[in-house]
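What follows is a single structure, written as structure tokens, with notes after it.
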Amino acid sequence: MLTIFNRESLWIGRDLTRFNAIRDVLERERIPYTYKTRNSGGNWGGHGTARGTLVSMISPIDIMYEYEIFVLRTDLDRARYFINTQ
């Protein structure tokens, strides 16, 4: 079971295609994982400065989200090997 105490970050990035490819490899190799998604686009509700709100509205959607994949500490080296040889 993956918990905050026994996991390590395997990958952090904004590329959704790479994120899904890594998850496919981990599933194929039966390496347990979990992930976190962060939205850094801010809110569009009019809070903040006009410049910040405008930049949030015109930013491409693919750079607004950051993805992080975690695996067990004991599986970290094995997972790195498989995602680098895909």
task = Starting from the coordinates of the alpha-carbon atoms of the stretch 1-40, obtain the Kirkwood hydrodynamic radius over all distinct pairs and give the value in Å to one decimal.
result = 11.3
request  = Give the peptides 7-20, 67-80, 27-40 in descending order of average Cβ contacts within 10 Å, highest first.
outcome  = 67-80, 7-20, 27-40
query = What's the local net charge at residue 75, with K and R +1, D and E -1, over the other residues with C-beta under 15 Å away?
reply = +3
ask   = Say each of residue 17 and residue 35 gets a label point 7 Å from the Cα, pointing the same way as Cα to Cβ; how far apart are those two points in nm?
value = 1.5
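Just so you know, all these numbers are worked out from the coordinates, no wet-lab data involved. None of these values were measured; they are calculated from a predicted model. Ideal geometry is used to build each Cβ from the backbone, glycine not excepted, and the neighbour counts take in all protein chains shown.
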